[in-house]
Amino acid sequence: MSLADLAPLPLGGVDPLPKERIADLLVEAHERTRALVVDLREEQIDRPLSPIMSPLAWDLGHIAAFADLWLARALPGLRPLRPELFEVYDATETPRASRGGLPFLPSADALAYGRDVHARALAGLEDVDVSPSSDALNAHAFVWHLLIQHEHQHNETMLQAMQLADGELPAPALLSALTRPDALSSVTGPKTVAIEAGPALVGAGPGGFAYDNERPRHSVELGAYELDHEPVSNGAYLEFVEDGGYRRREWWSEEGWGWREREGAERPLFWTDDGRVRRFDRIEPLDPALPVTHVCWHEAEAFARAHGKRLPTEAEWEKAATWHPAAGRRLAWPWGDEPPTPERANLDGVAGGPAPAGARPDGESAVGALGLVGDVWEWTATEFRGYPGFRVFPYPEYSEIFFGTGLRVLRGGSWATRPTIARPTFRNWDLPNRRQLFVGFRCAREA
Ligand SMILES: [Fe+2]
């Protein structure tokens, strides 16, 4: 399947998708998950790779249990295959740090469970009505998209765990077989784009799949602002480090400085003390043209302050990614309404890492910014909360329980994000001290 085949499902157009397409997407997601672990030893799958991540075997079992649970809720008369496992795989009940001690299924059993549930999903899909007049879970094929998107989200989390594993795990062959297609470009520097004052339309409209936290679409009044033309590069970030960025208290918030002191942080995660960078099991030269990656929100915020800027709000980010000023309308993607292609956005793991700033001019947004979708997630200044008029659907544990708890919103997806997830309305979130995401940032300021 190509990027374009994967991408259009959440974005209006054909709604619901034909069942054959949904089935193809279920099969593709299932195969991708298995491909991520196929070359690992059982022991590497079964044990925690990092204190802040689940063991990969937990992800495998959790993907299966999540589908098992929601299939039983959505299909009349179907009983779950393994309800006794649901507690072990409940992400809310068991924080990542404690998952290593849970009685979760070892890899072979988790893979077998996944296979059984996957077969049930394909069989169940054949008989179900996914038309808009069906029941709440099946209408617009909601629950089917939910299963696909959930598995896709875990595909990226599993890659994060593998990158965190102390340089012991190779990049999955799936990634390393694909060489980086981009020639190195020069660092394009601190160019900015200007966005005029006026309302921003934020959030997903009524058609197609979106999570509850992306809705409803609403208008936010914004002043004129400038946004960095592309994400902050390694080169620019290295200058910040060399200018004493991690020693100058005045560039940090109080909370950020406290984090820096506790961690003893002096550079982004995975930068080595001899000026190189680790990617999975390889140490590589630091490429100044690539976006800086694996920085936490505090580091991003300190960099911005050091440059007389700040992080953009998520409304500012979404306006820059979707607003077409000349046409006076909102686009589905930065470049228009067509789905991502490899020329427009670096997604889905195919490049094995972020691309240099400016490598994809076809992905330019209507206001002239590059790299908004793909390459690196981007921290925003915004705390994760429900939009005005938010309604829980279908369960509060996906997003509502996280509202107002100090989490920060990230936007735009990374090189490792599946295209289904990378829509400009998608809201990711994490703690401001987390660096395991494939995350960078760009800065903003009032015009
Ligand atoms: Fe999950």
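Taken as entire DSSP H runs, the helices of the chain that both span 20 Å or more between Cα atoms along their own long axis and average -0.5 or more on the Kyte-Doolittle scale are 19-37, 56-74, 107-127, 142-164. The chymotrypsin sites (Phe, Trp or Tyr not before Pro) of the stretch 194-237 include none that meets both conditions, a loop assignment by DSSP and at most 11 other Cβ atoms within 10 Å of the site Cβ.
Quick one: in the stretch 51-144, what % of C-alpha pairs are over 22 Å apart? Everything past 22 Å amounts to 34 percent. Relative to the current alpha-carbon distance between residue 431 and residue 221, full extension at 0.36 nm per residue lengthens the span by 72.9 nm.
The convex hull around the C-alpha trace of the stretch 352-447, projected and averaged over every direction, spans 7.9 square nanometres. Backbone amide hydrogens, once placed in the peptide plane, bring residue 277 within less than 5 Å of 272, 284, 286, excluding anything fewer than 5 places away on its chain. A probe of 1.4 angstrom, applied to the heavy atoms of all protein chains, finds residue 226 with accessible area near 50 square angstrom.
Applying a DSSP loop filter and a limit of 14 other Cβ atoms within 10 Å to the trypsin sites (Lys or Arg not before Pro) in the stretch 319-425 leaves 391. Volume per residue of the convex hull around the Cα atoms, evaluated for the stretch 108-259, comes out as 255 Å³. For the stretch 243-358, just say rounded, prolate or oblate: build the C-alpha gyration tensor, square-root its eigenvalues into a ≥ b ≥ c, call rounded for a/c under 1.5, and beyond that prolate if a/b exceeds b/c, oblate if not. It comes out oblate by the Cα gyration axes. For the stretch 195-242, the fraction of C-alpha pairs more than 12 angstrom apart is 73%.
Cα centroid distance between the stretch 239-259 and the stretch 332-355, in Å? What the calculation gives is 33 Å, centre to centre.
With Cα atoms as the point set, the stretch 218-268 shows a radius of gyration and Dmax of 15.0, 42 Å. Considering only protein heavy atoms and a probe of 1.4 Å, how much of the accessible area of the chain is carbon and sulfur, as a whole percent? Here it works out to 52 percent. For the chain, the solvent-accessible area works out to 39 Å² per residue, with a probe of 1.4 Å and every protein chain left in place.
Extension gain, residue 282 to residue 250: 0.36 nm times the residue separation minus the Cα-Cα distance gives 8.0 nm.
Over all pairs of different C-alpha atoms, the stretch 294-422 has a mean inverse distance whose reciprocal, the Kirkwood radius, equals 15.9 Å. Multiplying the residue separation of residue 119 and residue 445 by 0.36 nm and subtracting their alpha-carbon distance yields 112.2 nm. Converting the Cα gyration tensor eigenvalues of the chain into ellipsoid dimensions via √(5λ) gives semi-axes, longest first, of 33, 27, 20 Å.
Cross-link partners of residue 191 among aspartates and glutamates, defined as those whose alpha carbon lies under 12 angstrom from its own and excluding same-chain residues fewer than eight positions apart: 226, 228, 230. For the stretch 79-124, the normalised intensity computed at q = 0.24, 0.25, 0.28 Å⁻¹ comes to -0.95, -0.99, -1.09 (log10 of I(q)/I(0), Debye sum over alpha carbons, equal scatterers, no solvent).
The values are calculated or read from the model by the stated rules, or taken from the named source; none is laboratory data. A quick note: this is a predicted structure, and the numbers were derived from the prediction, not measured. Note: ideal-geometry Cβ built from the backbone for every residue, glycine included; neighbour counts use all protein chains shown. Calculation scope for accessible area: heavy atoms of the full protein, side chains included, ligands and nucleic acids excluded. Shrake-Rupley method; radii C 1.70, N 1.55, O 1.52, S 1.80 Å.
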